[in-house]
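Q: Sending over a structure as structure tokens; questions will come in a sec.
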Amino acid sequence: MKLSVIGTGYVGLVTGTCLAEVGNDVLCLDLDVNKINTLNNGGIPIHEPGLLEMVQRNVAAGRLHFTTSIDESVAFGQVQFIAVGTPPDEDGSADLQYVTAAARNIAKHMTEYKVVVDKSTVPVGTADKVKAAINEELAKRGIELPFSVVSNPEFLKEGAAVEDFMRPDRIVVGAEDARAVELMRELYAPFNRNHDRVIVMDIRSAELTKYAANCMLATRISFMNELANLADKLGADIEQVRIGIGSDPRIGYHFLYPGCGYGGSCFPKDVQALIRTADSIGQPLKVLHAVEEANDAQKRILLEKIQAKFGANLTGKNFALWGLAFKPNTDDMREASSRVIIQGLWDMGATVTAYDPVAMDESKRIFGDDTRLSYADSPMHALESADALVIVTEWKEFRAPDFEQIKQALKTPVIFDGRNLYTPAQVKSHGLEYLAIGRR
Ligand SMILES: NC(=O)c1ccc[n+]([C@@H]2O[C@H](COP(=O)([O-])OP(=O)(O)OC[C@H]3O[C@@H](n4cnc5c(N)ncnc54)[C@H](O)[C@@H]3O)[C@@H](O)[C@H]2O)c1
């Protein structure tokens with residue numbers, strides 16, 4: 001099939017590339033000239049394991065192309081994926097300006113039947129807005145053309161995006177006409193060889209499914225975080241509790257890890273957006289309000305522990321920070337806990353020396369050349385003038401460090417671990433104090 005993907009970010013680039021990988025002809029559009037130049041010069045604008053090789057392979061095979069031309073993109077694919085951002089508006093609801101702009105662009109240039117597929121995470125009712133926007137633009141042109149609107153939310157995880165797309169747990173298709181459903185089934189057939197993963201439903205349910213999934217996961221995290229804080233106060237060990245409850249198949253072990261808060265481009269904004277949707281129709285989601293509040297507080301939990309240890313005036317102190325990305329295997333720092341922690345340390349007068357395997361360029365873009373933040377080229381170099389170590393992202397390379405070396409390097413032998421990477425007894429046996437999340 002010939003496919004166009006509008007928006008070549010995390011979701012658009014992975015979607016386009018994986019669909020090219022199974023033999024489709026794909027044209028990816030973005031309005032960001034730098035992104036398209038990077039891609040046309042053989043690079044990729046994000047860090048995502050396995051993606052660069054797959055992009056290069058499909059470009060070389062002539063199945064994957066990149067453009068900034070809307071004309072060209074609308075003309076190319078019978079299926080037009082919308083994968084643009086849906087950032088929070090001022091009040092937290094999803095800002096749909098990029099989605100509707102993309103839809104209008106399709107309508108301004110289309111000359112034949114198109115299937116417009118919403119891959120962006122969008123509130124219930126967006127497909128209707130997309131339909132209305134297309135009809136309005138066609139009316140301005142004084143023409144009538146057939147088109148279908150489909151909701152096909154994306155469930156990939158950054159850091160494992162290629163794997164998730166190629167081996168999806170489920171492919172949700174919200175559609176109301178048989179022609180579009182048939183086309184979507186055909187498109188996704190290569191990802192269904194083991195068993196059918198396509199779940200067809202009405203459009204509104206498909207739109208809500210995406211928010212429901214992310215909000216359920218965020219709820220698990222916030223619940224475990226609150227439980228860990230309670231364990232801290234009660235002298236229990238959350239790791240034992242996690243194993244104790246995860247063994248119940250109704251609960252399971254996934255997504256039960258307490259830490260210093262969830263971040264990223266999805267959970268925070270999707271939780272907010274669903275809260276706003278529910279509030280706006282007088283059906284508030286009380287649980288979700290608490291999830292958000294608990295997470296905002298959890299991003300500051302390490303700051304509280306640092307303050308309890310060193311006091312509120314950290315002038316002259318330097319903290320080594322391991323991990324800037326909101327999670328491992330990505331350079332994404334949107335809503336990352338590291339940002340709250342760095343700002344909090346600055347506010348108390350401290351400086352920070354950070355190390356992250358891939359997110360330091362992104363951090364430089366965000367924080368500029370603020371002299372209160374410097375960067376080290378290895379985890380151990382970050383410790384050189386540090387008073388203490390703060391761990392924020394659970395990168396694999398932090399899992400088995402040389403504790404003796406850490407002890408020697410730090411002015412005060414203490415590790416604040418926001419991701420519970422180590423066994424407390426093991427760290428303590430090296431003469432280090434270990435302050436983690438709910439660990440005993
Ligand atoms: N990142 C994830 O892990 C993830 C996972 C599932 C779903 N989603 C959802 O997918 C959507 C996209 O997220 P993302 O992380 O890929 O965003 P992103 O910011 O990485 O990419 C969006 C891209 O769209 C481009 N764009 C904006 N308007 C455009 C237009 N009119 N025409 C062409 N290009 C345009 C932007 O320049 C940008 O490159 C969001 O709704 C998000 O919630 C994201």
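The values are calculated or read from the model by the stated rules, or taken from the named source; none is laboratory data. What you see is a predicted model; the values in this text were computed from it and never measured. Virtual Cβ from ideal backbone geometry, glycine too; neighbours counted across all protein chains shown. For the accessible areas, the whole protein counts, side chains as well, though only heavy atoms, and no ligand, DNA or RNA atoms are used. Shrake-Rupley method; radii C 1.70, N 1.55, O 1.52, S 1.80 Å.
Q: For the range 46-125, what does the accessible surface come to per residue with a 1.4 Å probe? Please give it in Å².
A: 39
Q: Can you tell me which lysines have their Cα less than 16 Å from the Cα of Lys305? Leave out same-chain residues fewer than eight positions away.
A: Straight-line reach from Lys305, under 16 Å: Lys233, Lys317.
Q: For Ser93, Ser148, give the ranking by accessible area with the largest first, probe 1.4 Å.
A: Ser93, Ser148
Q: Further question on the same structure: Carbon and sulfur: what percent of the chain's accessible surface (1.4 Å probe)?
A: 51
Q: Under a Cβ-only charge scheme (Lys and Arg +1, Asp and Glu -1), can you give me the dipole magnitude of the chain about the Cα centre, in debye to the nearest 20?
A: Using only the charged Cβ atoms, the result is roughly 620 debye.
Q: So, with +1 on the Cβ of K and R and -1 on the Cβ of D and E, and no other charges, what is the size of the charge dipole of the range 384-439 about its Cα centre, to the nearest 20 debye?
A: 180
Q: Please compute, for the alpha-carbon atoms of the chain, the extent along each of the three principal axes and give them in descending order in Å.
A: 74, 48, 43
Q: Within the chain, which DSSP H helices have Cα atoms that stretch 24 Å or more along the helix axis and a mean Kyte-Doolittle hydropathy of at least -0.5?
A: 203-234
Q: Please report the accessible area of Ser385 (heavy atoms, 1.4 Å probe, ligands and nucleic acids excluded) in Å², nearest 10.
A: Its accessible surface works out to 60 Å², give or take rounding.
Q: Between the range 137-209 and the range 324-359, what is the C-alpha centre distance in whole Å?
A: Going from one Cα centre to the other spans 35 Å.
Q: From the residues Ala103, Gln78, Pro424, which one has its Cα farthest along the dipole of the chain in the positive direction, the dipole being from +1 and -1 charges on Cβ of Lys/Arg and Asp/Glu about the Cα centre?
A: Pro424
Q: Turning to a different aspect of this structure: Could I get the Rg over Rh figure for the range 206-283? Both from C-alpha atoms, Rh via Kirkwood, rounded to two places.
A: Expressed as Rg/Rh, it is 1.05.
Q: From largest accessible area down, sort Arg334, Arg220; use a 1.4 Å probe on the protein chains.
A: Accessible-area ranking of Arg334, Arg220, largest first: Arg334, Arg220.
Q: With point charges of +1 on the Cβ of Lys and Arg and -1 on the Cβ of Asp and Glu, referenced to the Cα centre of the chain, which listed residue (Ala388, Thr15, Ala127) lies farthest in the positive direction of the dipole?
A: So the residue furthest toward the plus end is Ala388.
Q: Sum -39500 (n - 2.57) across every DSSP H segment of at least 4 residues in the chain, then divide by the residue count to get the 222 nm mean residue ellipticity, nearest 500.
A: -13500 deg cm²/dmol
Q: Here is a follow-up. To the nearest 20 debye, what charge dipole does the range 17-115 have about its Cα centre, counting +1 at the Cβ of each Lys and Arg and -1 at the Cβ of each Asp and Glu?
A: Computed about the Cα centre, the dipole is about 360 debye.
Q: Using only Cα atoms, locate the centre of the range 256-309 and the centre of the range 36-89, then give the distance between them in Å, rounded to an integer.
A: 32
Q: Something else now. Would you grab the residues whose amide H sits under 5 Å from the one on Val115? Only those 5+ places off in sequence or on another chain, please, with H modelled 1.01 Å from N.
A: Val79, Gln80, Ser148
Q: Quick one: how many Å² of Arg399 are accessible to a 1.4 Å probe, rounded to 10?
A: Rounded to the nearest 10, the figure is 120 Å².
Q: Next question, about the same structure. With both bridge residues required to lie in the chain, what share of the DSSP beta bridges run antiparallel, to the nearest 5%?
A: Here the share of antiparallel DSSP bridges comes out near 5 percent.
Q: How many Å² of accessible area per residue for the range 252-357, probe 1.4 Å?
A: Accessible area per residue: 40 Å².
Q: Can you tell me the relative contact order of the range 26-118? Whole percent, Cα pairs under 8 Å, sequence separation 6 or more.
A: 29
Q: Name the residue from Leu138, Leu324, Leu183 whose Cα lies farthest towards the positive end of the charge dipole of the chain, charges +1 on Cβ of Lys and Arg and -1 on Cβ of Asp and Glu.
A: Leu324
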